[in-house]
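First comes the structure, then the notes that go with it.
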Amino acid sequence: MQPRRSQLLKMVLALAAICLVAIAMARYRNLLFSCSTLSTAEESGAESPSGEAGIPCIIHQSWKTRTLPSPRATRWRSTWLKCLPNCRHYLWTDADNRDLVKRHYSWLLNFYDKLKSGVQRADLVRYLYLLHFGGIYADLDTVCLKDFRPLLNGLGLAFGGMDGQWISSVNGSYVQNSFMASRPKHPFWIGLLHRIVRRLDSRKQGGAEESTGPLIMMAELKQYLADGHTDVRIFPPIYFNPFSWITNRRPDCKTHGAMSDSEEATCVKSFAGAYVVQMHSKSWAGGKA
């Protein structure tokens, strides 16, 4: 009888341990959901709501804090919530961004902290959103006009081109990092991160455009295409960036946040075929968000 009692006791203790672990995990899960956007994003995983592979329906945007800089910035963001109501929407703050680097890319943290400007950090971390979670990154000064998700079917990467041929282009377009879409864990982002680190380690930083922004991203994108990859699409400017800050040929549209609300409405209405319009407020370069 003694051995049987001993076995029964062991089984009871094992069951109790399993129950305690389950309770702890449930409490931890609830804690994550009650915390910041970062924790919620990580808990939600990197899959689309349907569970299908590809570019998930997650919208990433960022600002310094949870308080947006102006009523129109709030209006711009609300267009995304209305346009894609079934997607997950995350507004990342500076604190969230550093926490993401610290928790998941600790090898980058010292490098991230030493970047000279906030815009460089904002550039770098948006690539991490897409590497880690996948989804769609959109600058805060973009307006979503209609659902474009069917355009992303079958793609691993997608970018919006912009008119700007005076700059070394990719497939005839200047490719900004203001609108990007990606499946999670896409190797393109790893290549881009290493290219950025190599450039800054060589002390040839230049400005944000060259060191962390569109120019260095286009260099990596050219290499990616030259290597024969076919899972990427660069959409024509009319789709996601019809109003160019480089070669602005639209008298109804002004850059650097110079438009009134009525002027902005007229500007947006002039692009009937667009899915997204960027306002090019350029708050990082003296414009008004």
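Structural remarks
- Meets criteria (within 14 Å of L221 (Cβ to Cβ) and either touching a residue at least 40 places away in the same chain (Cβ under 8 Å) or in a strand (DSSP E or B) (or both)) for F111: no
- Subset of the stretch 206-235 [part of a loop (DSSP other than H, G, I, E, B) and surrounded by fewer than 17 Cβ atoms within 10 Å (Cβ to Cβ)]: G206, G207, D227, G228, H229, T230, D231
- Among the residues of the stretch 140-174, the ones that are part of a strand (DSSP E or B) and either polar (S, T, N, Q) or at pLDDT 90 or above (or both) come to 8 in all.
- Selection status of R98, in a helix (DSSP H, G or I) and within 16 Å of the chain's Cα centre (by Cα): yes
- If you go through the stretch 239-258 and pick out every residue that is hydrophobic (A, V, I, L, M, F, W, C), in a loop (DSSP other than H, G, I, E, B) and either at pLDDT below 60 or buried (at least 21 other Cβ atoms within 10 Å of the Cβ) (or both), you end up with 3.
- Restricting attention to the stretch 71-94, the residues that are assigned to a helix (DSSP H, G or I), modelled with pLDDT of 95 or more, surrounded by 13 or more Cβ atoms within 10 Å (Cβ to Cβ) and hydrophobic (A, V, I, L, M, F, W, C) add up to 2.
- Scan of the stretch 97-136 for residues that are in contact with a strand residue (DSSP E or B) (Cβ under 6 Å, 6 or more places away or on another chain) and closer than 20 Å to S202 by Cα, ordered by number: none
The values are calculated or read from the model by the stated rules, or taken from the named source; none is laboratory data. Only a predicted model underlies this, so the values are computations on that prediction, with no experimental measurement involved. Note: ideal-geometry Cβ built from the backbone for every residue, glycine included; neighbour counts use all protein chains shown.
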